[in-house]
Amino acid sequence: MKVSDIFDYEYAIFDLDGTILDSSDVWSMVDEKFLSKRGIPVTNDYLEEIKKHNFESGAIYTVEKYGLKEDPKDIEKEWFDEAYKAYRDDIILKPGAYKFIKELVNKNVKLAVATSSDEILYKECLIRNGVYDFFDAIVQTKEVKRGKQFPDVYLEAARRIGGDPRKCLVFEDLYMAIRAAKTAGFTTVGVYDKANLDDIDKIKEISDLYIEEYI
């Protein structure tokens, strides 16, 4: 697949964090600050696993993994409060993303978002960056049965924009998410993000197309 082939597709689904939004540092900060406050060493295994979760399932996983005597709801709130200000005021789009998405819109490609993030975080951020109205649908993983290690959120996003997965692109920066989308027949575009350097060779190998930046 070539970069020019992207514009032959009628439908495209984008992840947010690390794919459209340059937000990976924020989530690393939230995770590391949370663990360090409790005297828990930060491990790559935890940081990789937590990427698969939304706030709710991630808090439950964290409580179970570390045997914390805390209410997962309190953990969700702590994470949210740390992230909210950054999304509201600071996080920007990855370089070239606005121009690229606008070009897809101009070519009448129907667009959706598939994200593990929460609307209260991403909505203001997307509005501030001028792309919120470009998307025909936004689906959160909490709206489907399973997380991004399964294709559920991409299938639901495709359903909402009326797209057959075989005619639909998925833009993602996570290896396990790209792999999940491929199992459902989507064409995948792996997107470079510094948070996923450990998996870059696997991402390049499994993706139908890999891009380091938006054209």
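The values are calculated or read from the model by the stated rules, or taken from the named source; none is laboratory data. Everything numeric in this text was worked out from a predicted model, so none of it was measured. We place every Cβ from the backbone using ideal geometry, glycine too, and count neighbours over all the protein chains shown.
Here is a check on your reading of the model: is I92 aliphatic (A, V, I, L, M) and closer than 30 Å to I211 by Cα? Yes, satisfied. In the condition set (1) under 21 Å from the mean Cα position of the chain (by Cα); (2) modelled with pLDDT of 95 or more, E82 is compliant with all but (2). Candidates in segment 177-207 are the residues that are acidic (D, E) and part of a helix (DSSP H, G or I); of these, the one that is nearest to the chain's Cα centre (by Cα) is D199. Given the structure, is Y66 out of contact with any Ser or Thr (no Cβ under 8 Å at 6 or more places or on another chain) and outside the structural domain of F14 (by TED's automatic domain parsing)? Judged against the criteria, Y66 is a match. Filtering segment 142-176 to residues that are touching a residue at least 60 places away in the same chain (Cβ under 8 Å), more than 18 Å from I206 (Cα to Cα) and under 14 Å from the mean Cα position of the chain (by Cα) leaves K142, G147, A157.
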